[in-house]
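Right, one structure below, let's go through it.
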Amino acid sequence: MKCKSLNGRIPLLAAVVLGFAAGGALAQTPPVNAAAELDGTSWQLVQFQGGDDTILIPDDKSKYTITFDFNGRLNVRFDCNRGRGSWESSGPNQLRFGLLAITRAACPPGSLHDHIVKHWEFVRSYTITDGHLFLSLMADGGIYEFEPD
């Protein structure tokens, strides 16, 4: 069966159908959550290693936690502050955090609160190795290491 065209063009409906069949529109839609292994997990900070090999270790791991909920939401505790935000993964080992709504109490000297909040938007990927979660910053800015909470 031959498709009739108008002025030498394929009718719009046929073009749309062909586009979907070729995967054009569907292939560009990222998975809602490609990091299902993070769903429902909770982690506490072990250390931060900067791109310049600086190592920062929290005075108390349990004061720095991240809990990934199943619905793309998360809860954090960064020393004396608590917050809520969102997370998404568009592919294997990819991770992006959304805006973080967090309390702004003044934490004591030596706190890693400001350090973590400053880096929050620059997390781009993760890996789980030997039961630890590693969050990597863009441009080799550093890696946060967490262990199960």
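Summary table below
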| item | result |
| --- | --- |
| Residue match in region 60-67 (condition: farther than 15 Å from Gln47 by Cβ and open to solvent by less than 70 Å² (accessible area, probe 1.4 Å)) | yes |
| Identity of the residue in region 34-85, assigned to a loop (DSSP other than H, G, I, E, B) and in contact with a Gly (Cβ under 6 Å, 6 or more places away or on another chain), that ends up nearest to Ser125 (Cα to Cα) | Ala34 |
| Single residue of Ala105, Ala21, Ala25 found to be at pLDDT 95 or above, farther than 20 Å from His132 by Cβ and not polar (S, T, N, Q) | Ala105 |
| Tabulated pairs, region 49-64, first touching a residue at least 24 places away in the same chain (Cβ under 8 Å), second of a type in the set (Ser, Thr, Tyr), C-beta under 6 angstrom, 6+ apart or interchain | Pro58/Tyr64 |
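The values are calculated or read from the model by the stated rules, or taken from the named source; none is laboratory data. Computed from a predicted model, the values in this text were never measured in an experiment. FYI the Cβ positions are ideal-geometry reconstructions off the backbone, even for glycines, and counts take in every protein chain you see. Ligands, DNA and RNA are stripped out before the accessible areas are found, and what is left, the full protein with its side chains, is counted by its heavy atoms. Shrake-Rupley method; radii C 1.70, N 1.55, O 1.52, S 1.80 Å.
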